[in-house]
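Q: Below: one structure in structure tokens.
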Amino acid sequence: MNSMKRRTPYYYKNFKCIAGDCRDTCCAGWDVDVDEKSYRFYRKVKGDFGKRLKSVMVPDSEGGCTFTLTEDNRCPFLNDSNLCDLYIALGEEHLCETCDEFPRFINEYGSLREVGLAPSCITAGEIMFADRQRMHFDEEEDGKPVNMYNDIDGFLYLQLNNARNTAFDIIDMEDFTTDEVCVILLEYAKKIQWYMDRNMDNYIPRAIDRFKDSNYLKKLVEKKREEISRETERICIDEFFNSFKGMEIINPDWLKYTGMEKHFEEKLMSDIGKNGHNIGRYTECNENPDIEYNAIYSYCRRKFDKYYGKQEFRYRQLLDYYVYRYFIDAVNDFNIVLKMKNALVGYLVVKHLDMVVWDASGKLDYDEFVDIAHLYSRQFEHSYTNYERYSSFFMKKSCYSIKELEQILMV
């Protein structure tokens, strides 16, 4: 019987849960979904701990259950030392799949199992963003049989795998700023999508070859910059963030940063048409308030880029994560543009909130960068409701259109 191969990013082996020493907990803010196998075992546990288990297990329609959270939204087995009583009582081998896997994610493509870490775990984020390395992987035999239900289009998978390798190459290109890299990636996804929509998967290598050409990419970036320079409409960063108002809140700390963003936006708006906040350094007086707003926002981004220049590589690490996790999954839903929007919206949200913190305090330390990345990942990637809702928004709302995203990136 064929066995699975297992692929992990180079930093994966460095991860180890630090349990009670962590400055956050992964056992609060969200439901704990228990798989069917674990639920069957938990129902058989005897004694006082068995009674405790049975008192919080709510069966679901999938054959498993969920644990009823406490009044302060914590897992009922998370003790005052932020340690797991279930782990202590039953051992690591009896953790449910959700608890055993977090913060890992698993994607299966035929006989390949790709495993990675999500920045929703602070410890994982500290490892992921610590330094810059070209994205590379470790591969080994997994030992587990191939999942016969894992049926994909093998030819499209191979095309997307090759395309993803080129996406990693683009992220590594030092001739372009990270904002420019994002524009290139978006145009790259748009071209691949064009072929996929027309059942021309065999033409995807044309896009791959074209986007390996640095001269072509330089002309593409310049063309996009010229197009955006002619725009007279205000960039929609406020609408971009207002769209997050209805999010299910996984961690209340997210509200602290969105509150800071709102204050930042109000300050920018108050600067339009007056001499406050050193308006003369932003732009010459302009009769079009939209152009003036864009100039003010552009000035802030340039100042932040200058401040954060030596640490800017962390955003490329973030892009590597998104591309690794989502890009090839287009083999299942045939929507490569959505996969790239996931990456670019994540980048824009994290970088914008980083800039907001820097604008308010004059600095952005590593812990806060990791914290912002971890909070957004929890909000977007670890809530089924949020993920489905905002994936729909990314494809339908004008503030997440390709045009608007490129305008924010290149304003």
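Q: Sort out for me the Cα centre separation of the stretch 69-138 from the stretch 342-411, rounded to whole Å.
A: Using only Cα atoms, the two centres lie 22 Å from each other.
Q: Right, something else. Please find the FRET efficiency linking ASP60 to ARG198, where r is the Cβ-Cβ separation and R0 is fixed at 35 Å, and quote it to the nearest 0.05.
A: It comes to 0.30.
Q: Which entry in [x] 23.0, 76; [y] 20.3, 62; [z] 27.5, 92 is this structure's computed Rg and Dmax of the Cα atoms in Å?
A: Label of the calculated value: [x].
Q: Could you grab the relative contact order for the chain? Cα pairs under 8 Å, six or more apart, rounded to a whole percent. Kindly include the intermediate steps, with their values, before the conclusion.
A: Values: 476 pairs, mean separation 84.2, N = 411.
Once normalised by length, the contact order is 20 percent.
Q: Once you list every other residue whose beta carbon is under 14 Å from the beta carbon of GLU62, what net charge do they have if Lys and Arg are +1 and Asp and Glu are -1?
A: -4
Q: Suppose R0 equals 41 Å; then what is the FRET efficiency for THR232 and HIS136 from their Cβ-Cβ distance, rounded to the nearest 0.05? Spell out each step's value before the answer.
A: On the way: r = 44 Å, r/R0 = 1.08.
After rounding to 0.05, the efficiency reads 0.40.
Q: Under a point-charge model restricted to the Cβ atoms of Lys and Arg (+1) and Asp and Glu (-1), what is the dipole moment magnitude of the stretch 74-142 relative to its Cα centre, in debye to the nearest 20?
A: On the way: 5 positive and 16 negative charges, 90 e Å.
Roughly 440 debye for the stretch 74-142.
Q: Still on this model: Pull out the extension gain between LYS46 and LEU158, defined as 0.36 nm times the separation in residues minus the alpha carbon to alpha carbon distance; nm, one decimal.
A: Residue separation times 0.36 nm, minus the Cα-Cα distance, leaves 35.3 nm.
Q: By DSSP, what percent of the beta bridges with both residues in the chain are antiparallel, rounded to the nearest 5?
A: 85 percent
Q: Taking the highest mean first, how do the peptides 80-86, 130-136 order by number of other beta carbon atoms within 10 angstrom per residue?
A: Numbers: 80-86: 15.3, 130-136: 13.0.
Descending mean neighbour count gives 80-86, 130-136.
Q: Shape of the stretch 31-149 from its Cα gyration tensor (a ≥ b ≥ c, root eigenvalues): rounded if a/c is under 1.5, otherwise prolate when a/b > b/c, or oblate?
A: Taking the square roots of the gyration eigenvalues as a ≥ b ≥ c, the stretch 31-149 is oblate.
Q: Can you work out the Karplus-derived ³J(HN,Hα) for every residue in the stretch 372-379? Use 6.51 cos²θ - 1.76 cosθ + 1.60 with θ = phi - 60°, whole Hz, and x for glycine or proline.
A: 5, 4, 6, 5, 5, 4, 5, 5
Q: List the trypsin sites (Lys or Arg not before Pro) within the stretch 29-79 that fall in a DSSP loop (any state other than H, G, I, E or B) and whose Cβ has at most 11 other Cβ atoms within 10 Å.
A: Those satisfying the criteria are LYS46.
Q: Going by accessible area, probe 1.4 Å, with all protein chains left in place, what is the ranking of ARG7, ARG164, ARG23, largest first?
A: Per-residue accessible area, sorted high to low, gives ARG23, ARG7, ARG164.
Q: To test your reading of the geometry: what angle, between 0 and 90 degrees and rounded to tens, separates the Cα axis of helix 253-271 from the longest principal axis of the chain?
A: Long axis of 253-271 versus the principal axis of the chain: about 10 degrees.
Q: Given the peptides 247-258, 175-186, arrange them by the average over their residues of other C-beta atoms within 10 Å, most packed first.
A: Order by mean packing, descending: 175-186, 247-258.
Q: So for each of 98-111, 220-233 I average, over its residues, the number of other beta carbons within 10 Å; can you give me the resulting order with the highest mean first?
A: Descending packing order for the listed peptides: 98-111, 220-233.
The values are calculated or read from the model by the stated rules, or taken from the named source; none is laboratory data. Please read all numbers here as calculations on a predicted model, not as lab measurements. Here the Cβ is made from the backbone with ideal geometry for all residues, glycine too, and neighbour counts use every protein chain on show. These area figures cover heavy atoms from the full protein model, side chains too; ligands, DNA and RNA do not enter into them. Shrake-Rupley method; radii C 1.70, N 1.55, O 1.52, S 1.80 Å.
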